[in-house]
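The values are calculated or read from the model by the stated rules, or taken from the named source; none is laboratory data. Quantities reported herein were computed from a predicted structural model and do not represent experimental measurements. Cβ sites come from the backbone with ideal geometry, for glycine too, and all protein chains shown count toward neighbours. Ligands, DNA and RNA are stripped out before the accessible areas are found, and what is left, the full protein with its side chains, is counted by its heavy atoms. Shrake-Rupley method; radii C 1.70, N 1.55, O 1.52, S 1.80 Å.
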Amino acid sequence: MHLRAALRTLTLMVVTVAIALGASSGGAPQAHASSAPRAATAAMRIAAGHPAKQSSRGRGRAHRTTRRMAAARRRAAARRRAAARHRAAARRRAALRHRAASQRTHGRSDDASDDSGAKGSGEAAVDAQDASRAQTPASTTSSDAPAALADLETPCAGADVPFSAETVETARAAATCLVNQERARQDLGALTRNPALEGAAQGHTQDMITRDFFAHDNPSGASMLDRIRGAGYLTGATSFSVGENIAFAAGGGATARGIVASWMASPPHRANILNAAYHEAGMGFVAAVPATAGHNLPGGGTLTQDFGLRR
């Protein structure tokens with residue numbers, strides 16, 4: 001009896017303990033539930049602050065990227081400038097080689113009667129037409145009749161005589177003769193000497209020596225066309241074509257034959273000499289060379305030949 005009562009008492013105690021334990025475990029979730037919002041709030045605060053830290057680093061990366069791109073653009077621009085300088089230097093070297101290959105000759109043709117669009121051609125044509133309305137002396141226009149062919153059998157006197165102050169007229173006549181012989185080989189009539197063209201050519205040749213330059217345009221900016229017009233060649237002309245070759249040869253062995261040979265070896269000079277449109281010409285000669293272009297060599301000579309046709 002006593003044993004059975006003791007067992008019942010022990011059972012009741014165990015149940016009581018179990019109930020107590022259950023009650024204790026039932027309050028914990030409530031405590032965890034009440035603490036969860038605080039944990040979530042804290043987590044949310046951390047999460048809310050995190051993007052700001054990311055944005056700051058992103059801006060830093062963006063700034064660094066912008067700086068790198070700007071530096072890359074500067075390097076690319078520097079490379080382009082260097083390439084442009086190299087190309088310009090290459091063009092200058094090519095021009096120097098071409099100038100040396102052309103044996104220091106220079107030629108140009110300005111035709112005011114065609115529609116090639118050459119600089120100054122339109123202005124020249126208008127000026128010539130205006131002048132023709134003001135004064136039209138019939139004797140100033142050249143004939144369209146073909147000139148006779150130059151004699152190819154007779155050598156040009158003085159063609160191989162070295163240039164000197166004593167041979168000025170000989171050199172001028174020899175160069176003119178050689179040019180007309182080249183035209184005769186192509187069945188082109190001889191160029192008739194024209195005093196106005198000769199005056200323009202002689203004045204330009206002397207100017208190149210006096211002012212030490214070698215070009216068709218003088219240091220003051222006057223062009224070949226300006227000089228030929230100033231000499232009176234275009235007075236009364238309603239249309240015209242003009243051209244010019246210039247050359248110099250330094251040293252004691254320079255001759256008219258050498259100059260004309262160098263002109264014929266150069267396409268633009270050859271084209272002027274063999275231009276069927278030209279009927280008249282004037283040759284200028286000075287027994288000296290431009291000091292800078294001629295490297296201050298003694299002797300030699302400089303020639304200018306102006307070509308023309310006017311109607």
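Residues that are assigned to a helix (DSSP H, G or I) and among the polar types (S, T, N, Q) within segment 257-283 comprise Ser262, Asn272, listed in sequence order.
Would you confirm whether any residue within segment 119-129 is modelled with pLDDT under 50 and in a loop (DSSP other than H, G, I, E, B)? Even if it seems obvious, please write down each step before you answer.
Looking only at segment 119-129, we keep the residues that are modelled with pLDDT under 50, and these are 119-129.
Filter again for in a loop (DSSP other than H, G, I, E, B), leaving 119-120.
The answer is yes, given that some residue of segment 119-129 is modelled with pLDDT under 50 and in a loop (DSSP other than H, G, I, E, B).
Only one of the numbered conditions (1) within 20 Å of Pro290 (Cβ to Cβ); (2) modelled with pLDDT of 95 or more; (3) in a strand (DSSP E or B) is violated by Val242, and that is (1). For segment 161-179, the set of residues classified as open to solvent by less than 20 Å² (accessible area, probe 1.4 Å) and either touching a Cys at 6+ places or on another chain (Cβ under 9 Å) or closer than 12 Å to Met283 by Cβ (or both) consists of Ala171, Ala174, Ala175, Leu178, Val179, listed by residue number.
Only one of these is of a type in the set (Val, Ile, Thr) and under 24 Å from Glu166 (Cβ atoms): Thr302, Thr292. Name it.
Values: Thr292 fails: under 24 Å from Glu166 (Cβ atoms).
Among Thr302, Thr292, only Thr302 is of a type in the set (Val, Ile, Thr) and under 24 Å from Glu166 (Cβ atoms).
Candidates in segment 263-293 are the residues that are in contact with a Lys or Arg (Cβ under 8 Å, 6 or more places away or on another chain) and among the small types (Gly, Ala, Ser); of these, the one that is surrounded by the fewest Cβ atoms within 10 Å (Cβ to Cβ) is Ala293.
Would you point out the residue of segment 209-232, among those that are part of a loop (DSSP other than H, G, I, E, B) and among the acidic types (Asp, Glu), that is farthest from the chain's Cα centre (by Cα)? Before you say what the answer is, go through the steps one by one.
Restricting attention to segment 209-232, the residues satisfying the condition of being part of a loop (DSSP other than H, G, I, E, B) are 211-223, 231-232.
From what's left, among the acidic types (Asp, Glu): 212, 217.
Working: Asp212: 25, Asp217: 19 Å.
So the residue we want is Asp212.
Residue check: Gln206 meets all listed conditions (1) in a helix (DSSP H, G or I); (2) free of Cβ contacts under 8 Å to residues at least 24 places away in the same chain; (3) farther than 27 Å from Ala184 by Cβ but one, namely (2). When Thr292 is tested against (1) of a type in the set (Ser, Thr, Tyr); (2) over 27 Å from Asp151 (Cβ atoms); (3) assigned to a helix (DSSP H, G or I), only condition (3) is not met. For Gly251, the test of being within 19 Å of Thr205 (Cβ to Cβ), assigned to a loop (DSSP other than H, G, I, E, B) and open to solvent by less than 30 Å² (accessible area, probe 1.4 Å) is passed.
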